[in-house]
Amino acid sequence: MVPFIVISYACFALVIVVLIMGKKGSEEDKNLRRMKTIGKDVVKADYKNVDTSFYERNIKPFLDKMNKKGDENQSKNARVKAQNDLIAKKLRQAGLHISVSNFKFFKMAFMILTIIIFMGVSLLLINVTQFFYLPMLFGMVIGLLGPNLFLNSKVKSHQSAIKAQLADTLDLMSVCMEAGLSFDASLVKISERMEGPLIDELITVFKQIQLGRNRNEALKSLADSCEVEELKTFISAVNQLGIPITNVLQAQSEQLRVNKREEIKTVAAKVPTKMTIPTVLLILPAIICIVMGPVIIQVKDSMGGISF
């Protein structure tokens, strides 16, 4: 009985294998016929290509490839140029009169120097702690992000200083022009009496005018390099024809002082809210200890020295 069952299972397996392999063989035959058909088409296509000109078969594909590579290079150069223009704008807004290449060099030098220093610290801590690699990682983060953070903070501080100095500068310029001085002479007189970021920018404008640049273009360049809306409004008003500069200066300086007072009131209104957290976390626990400390001591003494 057992040999009969074994032979039956063997025959059944043989039938299954034959069916599967037969189907696989037919698939391979179909693939072979498909490949032969494709081969005939390819041969026919090659014969057709022989009928085309040498320019179509060789020179045109080469030129198309070169044009594609040229477009990729142009897009890459456009991205690099856009990044350089952004860095140059930030340097101008920060009041740093250096080139983009110099900034990139200083950035690379700072990154390398920082990584080397913190790598040395990590090597000194190998036998001290198992987290010796943390200073090196910290140095890499500082080296990569430090220059950009410094530039952004410099931009913010420079623009804030310009905004804070704008009202007094416009008042003094108004007085100078009412006294009969021209716009250029007023810039010189202001630079003699005052100093600061805005004065440096006005001196730059005066030098550009002395070199032959149009006054409107020099002022527009100053407006493009600043993020102070009040300064942009003043420059746009000055560049308009038919408006006396003295009237513009007086109105602009008065508006700046009104805006400054409003900003001071807004900041003062936010102070109580900002003082709530330090009061609750720092001052209130100390007051509770001072007020409740003697009471706790007296209760302890009155209860016979029972310890809590």
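The values are calculated or read from the model by the stated rules, or taken from the named source; none is laboratory data. Note that this is a predicted model, so its numbers are computed, not measured. Glycine also receives a Cβ, built like all others from the backbone with ideal geometry; neighbour counts cover every protein chain displayed.
For this structure, a couple of remarks:
- Single unsatisfied condition, GLU262 versus (1) acidic (Asp, Glu); (2) within 15 Å of LEU172 (Cα to Cα); (3) in a helix (DSSP H, G or I): (2)
- Number of positions in the range 77-105 that are of a type outside the set (D, E, K, R) and within 22 Å of PRO197 (Cα to Cα): 14
- The set of residues in the range 197-222 being of a type in the set (S, T, N, Q) and farther than 14 Å from LEU96 by Cα consists of GLN208, GLN210, ASN214, ASN216, SER221.
- Condition met for ALA167 (among the hydrophobic types (A, V, I, L, M, F, W, C), assigned to a helix (DSSP H, G or I) and either touching a strand residue (DSSP E or B) at 6+ places or on another chain (Cβ under 8 Å) or without any contact (Cβ under 8 Å) to a residue 12 or more places away in the chain (or both)): no
- Any pair with Cβ under 6 angstrom, 6 or more apart, that starts in the range 136-147 at a residue that is β-branched (Val, Ile, Thr) and ends at one that is part of a helix (DSSP H, G or I): ILE142/THR114
- No other residue among LEU125, LEU149 is surrounded by 15 or more Cβ atoms within 10 Å (Cβ to Cβ) and of a type outside the set (Phe, Trp, Tyr) apart from LEU125.
- Test: residue in the range 266-275 that is touching a residue at least 12 places away in the same chain (Cβ under 8 Å) and either crowded, with 16+ Cβ neighbours inside 10 Å or farther than 24 Å from GLN93 by Cβ (or both): no
Residues are listed down the side, and each one gets a yes or a no for (1) farther than 24 Å from GLU254 by Cα; (2) among the hydrophobic types (A, V, I, L, M, F, W, C); (3) at pLDDT 85 or above:
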position: PHE132; (1), (2), (3): yes, yes, no
position: ASN148; (1), (2), (3): yes, no, yes
position: ASP168; (1), (2), (3): no, no, no
position: VAL175; (1), (2), (3): no, yes, no
position: ASP184; (1), (2), (3): no, no, no
position: ILE203; (1), (2), (3): no, yes, yes
position: GLU217; (1), (2), (3): yes, no, no
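- Annotation: GLY305 fulfils all but one of (1) part of a helix (DSSP H, G or I); (2) small (Gly, Ala, Ser); (3) at pLDDT below 85; the unmet one is (1).
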